[in-house]
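Q: Sharing a structure here in structure tokens format.
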Amino acid sequence: MPAKSKIVTEGDPLAKVMAPPPNESEEERQARLAAEAEAKRISDAIDEELQRQAKAERRGPTPVKILLLGQSESGKSTTLKNFQLMNTPKAFRAERASWRAVVQLNVVRSIRVILEAMAEAQAYHATTYSGPNTPVRTHAPDLFHSASSSSLKRPPPPLSPEHLKLKLRLAPLVQVEETLIRRLTPAGSGELEATQLRALGGGASHADRARALDREVAVNSQFAWKGVFHRMIGRTSQDGDGELTDPDDPAGILHACAEDMITLWNDPVIRGLLRSQTIRLEDMPGFFLDDLERVTHPKYVPSDEDILRARLKTLGVSEHRFTLREGGISRDLRIYDVGGHRSLRAAWAPFFDDMNAILFLAPLSGYDQVLAEDESVNRLEDSVLLWKSICSNPLLGKTSLILFLNKIDILKAKLRAGIQFGQYIVSYAGRPNDYDSTSTYMRRKFGQIHREYSPRARTFYCHFTSVTDTKSTSAVLVNIQESIISANLGNIGLTG
């Protein structure tokens with residue numbers, strides 16, 4: 001019998017690990033047993049709490065679940081922020097310190113786009129005599145992607161010595177960017193090692209590592225990045241205002257460079273340079289260059305609108321819970337935000353069989369842009385194909401689909417600027433290049449797909465939105481939220 005016991009122990013690696021240490025004293029044995037008992041008590045308490053929560057969920061009202069879908073930069077995260085602002089405003093505003101760092105990063109990276117465009121203009125003029133068709137990138141380097149051609153529309157304007165001095169004086173912003181990226185994506189946060197460092201060596205800087213994935217900073221939704229910045233706030237008011245006391249806060253450098261950044265952005269030659277490279281920073285997410293004096297102030301605290309406009313790419317799936325009161329009854333609302341990058345879309349499917357509604361965002365402003373991950377694919381066409389796949393999915397046959405034709409503010413601006421819708425959407429060619437005509441056309445196109453590809457007949461819910469506009473978006477979301485909760489979008493009449 002002892003031999004049999006010995007064989008089992010030797011063949012069981014877990015038993016070997018759990019065996020008491022050799023030459024253990026009685027005092028050490030008692031301490032070990034006490035620690036094991038405490039660990040078991042905690043484990044049992046956790047199990048009991050999980051069981052209690054599961055029973056409570058079974059007894060209580062079934063939670064209402066909404067899944068946010070759409071391509072990257074479609075406005076999903078901004079829509080989620082609107083839900084948070086609407087349902088938990090105090091908690092939303094308590095995170096202002098965290099979003100301050102994101103706004104700062106947005107500013108620095110926008111300026112870097114201009115500096116890199118200047119560098120390309122210098123290179124162009126330095127090689128003018130070597131050939132008239134010297135190729136230069138015509139989309140914003142590193143950060144933003146457009147459907148521009150691969151050669152200049154027209155030669156960039158020459159830069160003066162003053163422009164080059166500005167460029168040199170703004171060089172410290174590179175270090176600011178490095179600091180902010182290091183804080184937002186610290187080692188061990190997951191997405192760096194797993195996805196962003198595939199082609200980089202171990203000596204790569206934080207900035208280089210973050211640019212490796214679509215050349216945009218991304219944070220893992222499972223990493224509590226917002227908590228990193230709470231220690232930067234000293235004295236805070238109830239609304240999140242306060243004095244920033246972190247000695248490593250980059251606000252000092254930003255403030256010192258503010259005048260030069262304002263001069264650079266408002267310079268007509270620089271504006272002409274950006275136009276020559278078809279770069280429209282004002283149409284890109286995270287644009288704050290028209291607010292530089294305000295957002296570079298040492299005591300700057302983001303407003304609600306700033307937080308909605310701030311751009312930070314997220315990876316993975318995040319769940320957000322809200323408790324709502326309806327007629328004296330509490331209801332649990334759960335919003336799921338999933339990554340829209342092509343490589344992340346496989347994570348959508350597991351959520352399809354348990355949703356009350358899907359809120360799909362299609363940015364109409366992307367008609368002249370291409371996907372960051374595949375520059376051969378038009379962004380608006382990608383949204384159309386995604387919508388078709390969602391409508392036709394048999395798992396979603398009973399799920400209510402709500403369509404947000406988003407970023408209409410940017411669409412209007414592009415149409416006013418003369419960017420032809422029909423030049424990029426071939427089926428629209430020959431029609432008027434105005435908002436009413438283009439928006440009606442796209443609504444009919446999405447509606448036709450919904451009608452033809454849905455497994456069963458269902459109502460088409462469609463809204464034209466600009467989710468950075470808090471007032472108009474909150475009105476739409478209140479309508480949607482109340483309708484889903486009261487009847488799961490049964491026969492409630494949403495504006496269609």
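The values are calculated or read from the model by the stated rules, or taken from the named source; none is laboratory data. Keep in mind the model is a prediction, meaning the values are calculated, not measured. Heads up, the Cβs are rebuilt from the backbone with ideal geometry, glycines too, and the neighbour counts pull from every protein chain shown. SASA here: full protein model, heavy atoms, side chains in, ligands and nucleic acids out. Shrake-Rupley method; radii C 1.70, N 1.55, O 1.52, S 1.80 Å.
Q: How much length would be gained if the chain were fully extended between VAL384 and GLU305, taking 0.36 nm per residue of separation minus their Cα-Cα distance, in nm to one decimal?
A: Result for the pair: 25.5 nm of gain on full extension.
Q: Beyond 19 Å, what share of the Cα-Cα pairs of region 321-440 is found? Please give it as a whole percent.
A: Summing the P(r) tail past 19 Å for region 321-440 gives 57 percent.
Q: What nm value, rounded to one decimal, do you get for the distance between GLU38 and THR440 when each label is placed 7 Å out toward the C-beta?
A: So the two model labels end up 7.3 nm from each other.
Q: Between ALA256 and ASP409, take the C-beta separation as r, use R0 = 45 Å, and let me know the FRET efficiency to the nearest 0.05.
A: Numbers: r = 33 Å, r/R0 = 0.73.
About 0.85, to the nearest 0.05.
Q: Could you tell me the relative contact order of region 349-403? Use alpha-carbon pairs under 8 Å, at least six residues apart, and round to a whole percent.
A: 46
Q: Extension gain VAL426-VAL377, at 0.36 nm per residue separation less the Cα-Cα distance, in nm? Let's see the in-between values first.
A: Numbers: separation 49, 0.36 × 49 = 17.64 nm, distance 1.38 nm.
Contour length minus Cα-Cα distance gives 16.3 nm.
Q: Let me ask something else. Take the alpha carbon atoms of region 344-413, find their center, do the same for region 303-327, and report the distance between the two centers in whole angstrom.
A: Region 344-413 and region 303-327 have Cα centres separated by 19 Å.
Q: Per 0.36 nm of contour for each residue apart, how much would the distance between PHE352 and ARG325 grow if the chain were fully extended, relative to their Cα-Cα spacing?
A: Values: separation 27, 0.36 × 27 = 9.72 nm, distance 2.64 nm.
Full-extension gain reported as 7.1 nm.
Q: Turning to a different aspect of this structure: Between ARG275 and VAL478, what is the spin-label point distance in nm, taking each point 7 Å from the Cα along the Cα→C-beta axis?
A: Roughly 4.2 nm, to one decimal.
Q: Using a probe of 1.4 angstrom, how much of the accessible area of region 385-457 is carbon and sulfur, in percent? Mind showing how you got there, number by number?
A: On the way: 1820 of 3700 Å².
On region 385-457, the fraction of accessible area on carbon and sulfur atoms equals 49 percent.
Q: Calculated FRET efficiency, GLU452 and VAL174, Cβ-Cβ r, R0 45 Å, to nearest 0.05?
A: Details: r = 51 Å, r/R0 = 1.14.
With a Förster radius of 45 Å, E is 0.30.
Q: Counting pairs of Cα atoms in region 243-315, how many percent are more than 18 Å apart? Provide the component values of the computation, followed by the final result.
A: Values: 1356 of 2628 pairs.
That tail contains 52 percent of the Cα-Cα pairs.
Q: Given LYS299/LYS407; LYS55/LYS81; LYS407/LYS445, which pairs have Cα atoms separated by over 25 Å?
A: In this structure, LYS299/LYS407; LYS55/LYS81 exceed 25 Å between Cα atoms.
Q: Report the far tail of the P(r) of region 370-452, meaning the percent of Cα-Cα pairs longer than 18 Å.
A: 49
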